[in-house]
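Below: the structure, in structure tokens.
The values are calculated or read from the model by the stated rules, or taken from the named source; none is laboratory data. If you're wondering where the values come from, they're calculated on a predicted model, not measured in any experiment. Don't worry about glycine lacking a Cβ; one is built from the backbone with ideal geometry, like all the others, and counts go over all protein chains shown.
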Amino acid sequence: MKTGQVILVGAGPGDPGLLTIKGRQAIASAEVVVYDRLVSQAILDMIPPEAERINVGKESSHHIMPQEQINTLLLEKARSGKRVVRLKGGDPFLFGRGGEELELLAQHGIPFQEIPGITSAIAVPAYGGIPVTHRDFCSSLHIITGHQRAGKPLDIRFDALVQAGGTLVFLMGVAALSNICSGLLQAGMAPDMPAAVVERGTTPAQRPILATISTLPAVAEAEQVKSPSIIIVGKVCSLSSQFDWFDKLPLKGQNIIVTRPKERAGTLSNRLRALGAEVTEFPCIETVPCVPCQELDLAVEQIDSYEWLTFTSPAGVSTLMGLLLRTGRDVRALGRIKIAAIGPGTDRELRKYGLRADLIPTVYDGAHLGEALCEARPQGPVLIVRAQLGTPALTEALERNHIPYEDVRCYETRYPCSEAEQIHNLLEQETPPIVTFTSASTVTGFVSALGNADYSRIIAACIGAQTEAEAKKYHLHTITAKEATIESLIERIMEGV
Ligand code: SAH
């Protein structure tokens, strides 16, 4: 039997972009992933579907697995030959009990590795606009646990901390906040020393609260600060009003649902996240190539008889390329044919295969693509490679101009039955989410996945007129991109509702 191993991976403080490259690689090759409650959904989505996932920190049901049991679980899974990733919030070795988890493995000679993570102790202040050190203010940083065992006093040397004069960062300190502040005051800290709490830092729900060491407990109570939060004490906190970049992002706190197929959601989701939005991916369509597709095969055989090859989506490009590769051919089989693409997204897909579009219409839809082809005055027939449910607008334009064409329908759009509970919850929130629709079929897929929901409060951000028309059928409130591109859609969302 192959020997298993355990890789402790730091998942970072919340923002999925703060996972390390090495951590992501470890997750991608995991057979078992054991994770805690603070690990973000977007990182959990990176776990390969065939890997076993074990949540050892289910907070909702208070089923947090005892530490010894976690240690044994890791040992058993590794012993059975599995490649185990143990995913922990922040950095595994900073108040993360990572060391304890390795002890048992070391005793049993199980191979292990540790991939450090970005710790909340530094990243959360940073996202709150607080650099933990600054030459003008301090020369040390102290990271302290504020965890208080039931019935016991805090085990913190307040006098030593006050004397050192550095920045103090407390983790797990929400419950003991007033004890921490009074401990520091009693040890002689100036009552007007700046102090801050940052709740759910680095996530779209981040909430920074600024005060002084004497006022912080009352302010935090009034604001009902909850865990996970970081407490920062020191003059550096005064810099936050200047450096508070994350909370000023244009889409900060806005919930956005991305309905694109899984393999295409990444760019849109990441760009929205970079603007501060809370993104939930809910793929409402998937494209499935028709295999075998004799029509397409035949068209490729006779490729020299066509003048133009036309694609109306990236899926058309990947379907054709898939066919070529599957049948022992490659792009050279396309010879010197000219290529038309409906828009820049399709052109980008072409470039992956070393091709580029000779023609892209000024407006990215079927009708304009048809017009643009006519204007190019083809001498020979046009080969169209597209979805089974393609718009008639494209071929109508060709017919009006008596241009011969072959319309090959070679992939199908399906509506996967995704788990819609999370989406229903989002729809019920006080500020309903914006739902992005990048094709009319994503609207159909969304509506069929959700069934009888109240759509009247949803804002549908649509990529173009056809998508908008589909959304209006279901009485969604729509906003529509000026141009049918992801950039334009994002701009429209930023302009507001
Ligand atoms: N190993 C982790 C810390 C685990 S202890 C790390 O390196 O970050 C858990 C504590 O971390 C929480 O009680 C809270 O104080 C802090 N924490 C973790 N994630 C946080 C976040 N996103 N925002 C604020 N505090 C966070």
Practice prompt. Please list, ordered by first then second residue, the pairs with beta carbon atoms under 8 Å, 6 or more apart or interchain, first in segment 230-242 and within 15 Å of the ligand (Cβ to nearest atom), second among the aromatic types (Phe, Trp, Tyr).
Written response: Ile230/Phe170; Ile231/Phe170; Ile232/Phe170; Val233/Phe170
Worksheet item: So Ala460 clears everything in (1) touching a residue at least 60 places away in the same chain (Cβ under 8 Å); (2) part of a strand (DSSP E or B) except one condition, right? Which one?
Response: (1)
Discussion item. Any residue at all in segment 49-60 that's in contact (Cβ under 8 Å) with a residue 60 or more places away in the chain and either out of contact with any Cys (no Cβ under 6 Å at 6 or more places or on another chain) or not hydrophobic (A, V, I, L, M, F, W, C) (or both)?
Written reply: no
Worksheet entry | Contacts under 8 angstrom Cβ, first residue in segment 9-31 being free of Cβ contacts under 8 Å to residues at least 24 places away in the same chain, partner surrounded by fewer than 22 Cβ atoms within 10 Å (Cβ to Cβ), 6 or more apart | Arg24/Met46; Ala28/Met46; Ala28/Pro48
Worksheet item: Which of the residues spanning segment 183-202 are surrounded by fewer than 21 Cβ atoms within 10 Å (Cβ to Cβ) and hydroxyl-bearing (Ser, Thr, Tyr)?
Response: none
Worksheet item: Which residues, taken from segment 271-302, are more than 30 Å from Leu251 (Cα to Cα) and either assigned to a loop (DSSP other than H, G, I, E, B) or without any contact (Cβ under 8 Å) to a residue 12 or more places away in the chain (or both)?
Response: Cys290, Val291, Pro292, Cys293, Gln294, Leu298, Glu301, Gln302
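Would you mind stating whether Val174 is surrounded by 21 or more Cβ atoms within 10 Å (Cβ to Cβ) and either within 16 Å of the ligand (Cβ to nearest atom) or small (Gly, Ala, Ser) (or both)? Don't jump to the end; show me each part of the working.
Numbers: surrounded by 21 or more Cβ atoms within 10 Å (Cβ to Cβ): no; either within 16 Å of the ligand (Cβ to nearest atom) or small (Gly, Ala, Ser) (or both): yes.
Criteria not met by Val174.
For segment 325-336: of the residues being surrounded by fewer than 19 Cβ atoms within 10 Å (Cβ to Cβ) and of a type in the set (A, V, I, L, M), which is farthest from the chain's Cα centre (by Cα)? Give the steps one after another, and end with the answer.
Going through segment 325-336, the residues surrounded by fewer than 19 Cβ atoms within 10 Å (Cβ to Cβ) turn out to be 325-333, 335-336.
Applying the additional criterion that residues be of a type in the set (A, V, I, L, M) yields 325, 331, 333.
Numbers: Leu325: 31, Val331: 33, Ala333: 37 Å.
Here the answer is Ala333.
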Practice prompt. State all residues of segment 73-95 that are part of a strand (DSSP E or B) and either buried (at least 23 other Cβ atoms within 10 Å of the Cβ) or touching a Phe, Trp or Tyr at 6+ places or on another chain (Cβ under 8 Å) (or both); if no residue qualifies, say none.
Written response: Val84, Val85, Arg86, Leu87, Lys88, Gly90
Practice prompt. Find the residue count for segment 137-152, including only residues that are assigned to a loop (DSSP other than H, G, I, E, B) and either touching a residue at least 24 places away in the same chain (Cβ under 8 Å) or aliphatic (A, V, I, L, M) (or both).
Written response: 8
Worksheet item: Is it the case that some residue within segment 189-197 is in a strand (DSSP E or B), of a type in the set (A, V, I, L, M), in contact with a strand residue (DSSP E or B) (Cβ under 6 Å, 6 or more places away or on another chain) and more than 16 Å from the ligand (Cβ to nearest atom)?
Response: no
Worksheet item: For segment 72-83, does any single residue satisfy the condition of being within 16 Å of the ligand (Cβ to nearest atom), within 24 Å of His147 (Cβ to Cβ) and either under 26 Å from the mean Cα position of the chain (by Cα) or of a type in the set (Ser, Thr, Tyr) (or both)?
Response: no
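Does Thr467 satisfy being more than 22 Å from Arg273 (Cα to Cα), touching a strand residue (DSSP E or B) at 6+ places or on another chain (Cβ under 8 Å), outside any loop (DSSP other than H, G, I, E, B) and at pLDDT below 90?
Spelling it out, it is not the case that Thr467 is more than 22 Å from Arg273 (Cα to Cα), touching a strand residue (DSSP E or B) at 6+ places or on another chain (Cβ under 8 Å), outside any loop (DSSP other than H, G, I, E, B) and at pLDDT below 90.
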Discussion item. Against the definition (in contact (Cβ under 8 Å) with a residue 24 or more places away in the chain and away from the ligand (no atom under 12 Å from the Cβ)), how does Ser120 come out, yes or no?
Written reply: no
Fill in: Whichever residue in segment 303-324 is more than 31 Å from the chain's Cα centre (by Cα) and in a loop (DSSP other than H, G, I, E, B) and, among such residues, is surrounded by the fewest Cβ atoms within 10 Å (Cβ to Cβ)
Glu307
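Of the residues that sit in segment 365-393 and are of a type in the set (Val, Ile, Thr) and within 28 Å of Glu468 (Cα to Cα), which one is surrounded by the fewest Cβ atoms within 10 Å (Cβ to Cβ)?
In the first step, residues of segment 365-393 are kept if they are of a type in the set (Val, Ile, Thr); the result is 382, 384-385, 391.
Those still in the list that are within 28 Å of Glu468 (Cα to Cα) too: 384-385, 391.
Numbers: Ile384: 28, Val385: 27, Thr391: 17.
Checking each candidate, the answer is Thr391.
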